[in-house]
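Here the structure is laid out as structure tokens; the discussion comes afterwards.
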Amino acid sequence: MLSVLDLFAAVSFPAIDPVAFSLGPLAVHWYGLAYVAGILLGWLIARDLLKRPHLWPNGQSPATLQQIDDFVLWAAIGVVAGGRLGYIFFYDFASVAANPMRAIEVWNGGMSFHGGFIGATLAMVFFARRHQIRLWSLFDLIASVVPLGLFFGRIANFINGELWGRPADVPWAMAFPTGGPFPRHPSQLYEAALEGLVLLIVLQVLARLFGALRAPGRITGIFVAGYAAARIFVEFFREPDVQIGYLYGGWLTMGMVLSLPMVLIGIWIFVRSGRAAPATQG
């Protein structure tokens, strides 16, 4: 006999194998392919933006195609190292302190966007200094394509049946294999839509049609504040990490706490870009 909760689960969770394919003993996971797809497609769009000098301050692209090709490796290292370290320090420090080997077990908890954001930012700072590239324009270039990686990453989270949402009675709720019998919000798809597709479209339209790249920092500010606002919104539907739970009142989560400063920082960057823009137009 079906329970009331079972009746709510109107959508069945698609049982997709987390392993996309195997090559002998090597198993290639969708999560890894998501990172590859995000980086490669982001690289192609970034190259296209650099080929359009009229989009940039003073009609001059901030970097060469060769430089952005070289930066791909820097970005990958910054995102992966920062993402893993961020997860350890923000979400799983006690477990790693008790068992240091857990630090390299990326299947145990995975990655943190906020850590990856810090790692990628440091990679951009070092790369810009080494190659004498305008830092804020490099920030804008990368920020304009980051939502692609977020989109693919959240789709991979969904395929893996992880980071699911809170119990729900909406028609599209579904019971995840590791989420118990309760139908839940597919919050990974909410994040893929808002942090990924919507933010990508907004940033590309502003960059290509409204000249946002000509004000260094504007795209970066919109991305930082836009991502953080979307993340805070989705956190109301997402189940917090079990080892942390709610921080206050049955609603405040670590994701909200880490994202709130990003909203303020993004607004500050946006305001700063407006003040700096007249000096860069020439």
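Assuming charge only on the beta carbon of Lys and Arg (+1) and of Asp and Glu (-1), the dipole of the range 71-216 about its Cα centre is about 480 debye to the nearest 20.
Surface composition of the chain: carbon and sulfur atoms hold 72% of the protein heavy-atom accessible area at a 1.4 Å probe. Placing +1 on each Lys and Arg Cβ and -1 on each Asp and Glu Cβ, with no other charges, gives the chain a dipole about its Cα centre of roughly 1160 debye. Per residue, the range 134-273 exposes 40 Å² of accessible surface when a 1.4 Å probe is rolled over the protein heavy atoms with every protein chain present. Net charge of the neighbourhood of Gly274, taken over other residues with C-beta under 15 Å away and scored Lys/Arg +1, Asp/Glu -1, is +3. Taking 0.36 nm per residue of sequence separation and removing the Cα-Cα distance, the Leu122/Arg52 pair yields an extension gain of 22.6 nm.
Using the Cβ-Cβ distance between Arg129 and Asp169 with R0 set to 45 Å, the FRET efficiency works out to roughly 0.30. When the charge dipole of the range 49-156 is built from unit charges on Cβ atoms (+1 for Lys and Arg, -1 for Asp and Glu) and taken about the Cα centre, the candidate among Phe89, His131, Pro100 whose Cα reaches farthest toward its positive end is His131. Taking the inverse of the mean reciprocal distance over all distinct Cα pairs, the Kirkwood hydrodynamic radius of the range 134-273 comes to 15.9 Å. If only the Cβ of Lys and Arg carry +1 and only the Cβ of Asp and Glu carry -1, the dipole of the range 134-273 around its Cα centre is close to 540 debye. Please name which of Thr178, Leu194, Gly249 has its Cα lying farthest along the dipole of the range 173-282 towards the positive end, using unit charges on Cβ (Lys, Arg +1; Asp, Glu -1) and the Cα centre as origin. The one lying farthest along the dipole's positive direction is Leu194. A full extension of the chain between Phe236 and Arg208 corresponds to an added length of 6.8 nm, given 0.36 nm per residue minus the alpha carbon distance. Summarising the label geometry, the points placed 7 Å from Cα in the beta-carbon direction at Ala15 and Trp268 lie 5.1 nm from one another.
So, R0 is 25 Å and r is the distance between the beta-carbons of Leu197 and Val28; what FRET efficiency does that work out to, to 0.05? It comes to 0.50. With each label modelled as a point 7 angstrom along the Cα→C-beta vector, the Ala276-Arg102 pair spans 4.0 nm.
The values are calculated or read from the model by the stated rules, or taken from the named source; none is laboratory data. Since we're looking at a predicted model, the values are computed, not measured. Positions of Cβ are backbone-derived with ideal geometry, glycine not excepted, and every protein chain shown enters the neighbour counts. All accessible areas refer to the heavy atoms of the entire protein, side chains included, with ligands and DNA or RNA removed. Shrake-Rupley method; radii C 1.70, N 1.55, O 1.52, S 1.80 Å.
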